Amino acid sequence: MLNARTLTALRIFEVVGRVMSFSRAADELFVTTGAVSQQIRKLEEELGSPLFVRGARSLRMTATGETLFANIVQPLNKLSLAVESVKSQDTERILRLKATPSFAFHWLIPRLTEFHRTHPLIRVEVLAALSVLDDAPLDYDIAIDYSPTYRGAEHNVRFMMNEYLLPVMSPHYRGNRDWAASESWQDIAFLHDTEAWANADRHSEWNVWLTQMQIQPLQNADHYYFNRVDMAIEAAAAGLGVAMARFSLVQDNLKSGRLIAPCESVISPASYWLRISETRMEDPHILALVQWIKLQCEM
């Protein structure tokens, strides 16, 4: 049977192997980098083999390290879940959910009241960031990403929902134009989200919609740029121009009449994906939140 010292060292090794950094592992474990190094060194001495090759600015596992890591991740996760399962059922659990500010404000937060009502012992902390899947260690338990890249093959990623793109404007801006005619799009102000998804260009979503609607390249148009889609949407509501919106983010504004959509929507090349922290994939609290999110997408 493993002694407590070896079990502690294995847990530290798992964190270092996951984040591939002694300093980041120390941050996650709330210990010093020196303490992490010491535990790894003792484990290497016990095993009689090095686990990492340490470079000046790099760290990689040896063959022994890779074998050990592959064999301890699942048992350690199960051990952690076993401990959690016997804790008091009345203990509040905090889950960190990371999403872009626009999605958090306009889709997630309006729905959280219902989740907290039905799951009173799970507290969701929302972390808003423009860059969602940046692999920052322990930055989240679940992340929601809007991406054109198919991520379904990743073992800790789940499909969430498709998105639809449609132009929106204020009722006043609509005027008497026939928005079904291409010429109506030649001398207006286009409002762009410059960071629709990772590595998107400044016109990505507008180009998708214009191409599918077979509207010719724009002439004499003004362009305004924002690094968040909700800012472009608010600019449209203020009468600055026409924003390319995501339907999931403007449903309430369309229902209230604050914004109008004079043309049909097209499916976006990007979809929403749920990425679960690898150490929490079997956590029942995480699974409850994932299931709730999926149900919200179907409503």
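About its Cα centre, what dipole magnitude does segment 116-198 give when the only charges are +1 on Lys and Arg Cβ and -1 on Asp and Glu Cβ, stated in debye to the nearest 20?
So the dipole magnitude of segment 116-198 works out to roughly 440 debye.
Let me have the relative contact order for segment 16-69, percent, based on Cα pairs under 8 Å that are six or more residues apart.
After rounding, I find 25 percent.
Using the Karplus curve 6.51 cos²θ - 1.76 cosθ + 1.60 with θ = phi - 60°, what ³J(HN,Hα) values do you get for each residue of segment 152-164, in whole Hz, with x for Gly and Pro?
Whole-Hz 3J(HN,Hα) from phi for segment 152-164: x, 7, 6, 5, 10, 10, 10, 5, 10, 6, 7, 10, 10.
For segment 163-269, what does the relative contact order come out to in percent, with C-alpha contacts under 8 Å and a separation of six or more?
Relative contact order, segment 163-269: 48 percent.
Please name whichever of A245, P269, Y224 sits farthest to the positive end of the charge dipole of segment 163-269, dipole taken about the Cα centre and charges placed at Cβ: Lys and Arg +1, Asp and Glu -1.
My answer, from the dipole projection, is A245.
Treat every Asp and Glu Cβ in segment 4-85 as -1 and every Lys and Arg Cβ as +1, leave all other atoms uncharged, and give the resulting dipole magnitude about the Cα centre to the nearest 20 debye.
That gives a dipole near 180 debye.
Across all directions of projection, what mean area in square nanometres is found for the Cα convex hull of the chain?
Working: hull surface 77.5 nm².
It is 19.4 nm².
Based on alpha-carbon positions alone, could you give the equivalent ellipsoid semi-axes of segment 4-85 from the gyration tensor, as √(5λ), descending, whole Å?
20, 15, 12
Projected onto the charge dipole of the chain (+1 at Lys/Arg Cβ, -1 at Asp/Glu Cβ, origin at the Cα centre), which of F159, P171, L7 gives the Cα projection farthest towards the positive end?
L7
Can you put F190, F69 in order of Cβ neighbours within 10 angstrom, beginning with the fewest?
By the 10 Å Cβ count, ascending: F69, F190.
What does the charge count around H192 come to, taking other residues whose C-beta lies under 14 Å from its C-beta (Lys +1, Arg +1, Asp -1, Glu -1)?
Working: positive: R202, R228, R246; negative: D193, E195, D201, E205, D222, D230, E234.
With Lys, Arg at +1 and Asp, Glu at -1, the neighbours total -4.
On a full-extension model of 0.36 nm per residue, what is the gain between L112 and D222, subtracting their alpha-carbon distance, rounded to one decimal in nm?
Details: separation 110, 0.36 × 110 = 39.60 nm, distance 3.79 nm.
Going from the current span to full extension adds 35.8 nm.
Could you give the size of the charge dipole of the chain about its Cα centre, using +1 on the Cβ of each K and R and -1 on the Cβ of each D and E, expressed in debye and rounded to the nearest 20?
680
Between L254 and L81, what is the FRET efficiency for a Förster distance of 51 Å, r being their Cβ-Cβ separation, to the nearest 0.05?
Efficiency, rounded to the nearest 0.05: 0.75.
Return the distance in nm (one decimal) between the two label points of a simple spin-label model at R202 and E183, each offset 7 Å from Cα along Cα→Cβ.
Spacing of the two 7 Å Cα→Cβ label points: 2.9 nm.
I need the helices of the chain that pass two filters: whole DSSP H segments spanning 27 Å or more by Cα along the axis, and mean Kyte-Doolittle score no lower than -1.0.
63-85
Above 25 Å lies some portion of the pair distances; for segment 94-241, what is it as a whole percent of all C-alpha pairs? Present the calculation step by step, with values, prior to reporting the outcome.
On the way: 4395 of 10878 pairs.
Value for segment 94-241: 40 percent of Cα pairs lie more than 25 Å apart.
Along the positive direction of the dipole of the chain (beta-carbon charges: Lys, Arg +1; Asp, Glu -1; about the Cα centre), which of L130, G65, S182 reaches farthest?
G65
For the chain, what is the calculated [θ] at 222 nm in deg cm²/dmol (nearest 500), taking -39500 (n - 2.57) for each run of four or more DSSP H residues and dividing by its residue count?
Using -39500 (n - 2.57) per qualifying helix, the result is -12500 deg cm²/dmol.
Measure off 7 Å from each Cα along the Cα-to-Cβ vector at Y150 and R174, then give the distance between these two points in nanometres to one decimal.
Once both label points are built, they end up 3.9 nm from each other.
Roughly speaking, what % of Cα-Cα pairs in segment 163-269 are separated by over 18 Å, rounded to a whole number?
41
Taking 8 Å as the Cα distance limit and 6 or more residues as the minimum spacing, I'd like the relative contact order of the chain as a percentage.
Computed over the chain, the figure is 20 percent.
Could you check the spin-label model distance between E46 and E278? Points 7 Å from the Cα along Cα→Cβ, value in nm.
Here the modelled spin labels are 2.2 nm apart.
Quick note: the coordinates plus some simple rules give every number you see, no bench work behind them. For clarity, every value in this text was computed on a predicted model and none was experimentally measured. Backbone-built Cβ (ideal geometry, glycine too); neighbour counts: all protein chains shown.
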